[in-house]
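Q: Before we start, here is the structure in question, set down as structure tokens.
The values are calculated or read from the model by the stated rules, or taken from the named source; none is laboratory data. Computed from a predicted model, the values in this text were never measured in an experiment. Cβ sites come from the backbone with ideal geometry, for glycine too, and all protein chains shown count toward neighbours.
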Amino acid sequence: MPIHPDLFQVLACPVYKTPLQWDKEKDELISVEAGLAYPIRDQIPIMLTDEARQLSDEELKKWKKKSPPENTQ
């Protein structure tokens with residue numbers, strides 16, 4: 001069972017306080033700004049920087065392309 005979409009409204013990157021993206025294939029929450037991937041275990045996001053893995057340059061480029069444009073207002 002995937003993460004409930006409403007959870008994304010309350011979760012944010014603990015480092016930059018920015019929105020996260022969900023990597024369905026790896027079951028991780030991605031922080032483009034921090035360059036980190038937070039694991040999801042048993043449907044529970046582990047939002048600890050010590051548990052996160054560093055994204056590779058290739059992964060970061062991929063996720064930057066998928067990132068929604070920033071609000072310019």
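Q: Identify, please: which residue in the range 1-23 is at pLDDT below 90 and part of a loop (DSSP other than H, G, I, E, B) and is, among those, farthest from the chain's Cα centre (by Cα)?
A: Out of the qualifying residues, it is MET1.
Q: While we're here: Give the residues of the range 33-73 that are part of a loop (DSSP other than H, G, I, E, B) and modelled with pLDDT of 95 or more, sorted by residue number.
A: Residues satisfying the conditions are GLU33, ALA34, GLY35, ILE46, MET47, LEU48, THR49, ASP50, GLU51, ALA52, LEU55, SER56.
Q: A follow-up question, please. Yes or no: GLU58 surrounded by fewer than 11 Cβ atoms within 10 Å (Cβ to Cβ), more than 18 Å from ILE3 (Cα to Cα) and charged (D, E, K, R)?
A: Against the criterion (surrounded by fewer than 11 Cβ atoms within 10 Å (Cβ to Cβ), more than 18 Å from ILE3 (Cα to Cα) and charged (D, E, K, R)), GLU58 qualifies.
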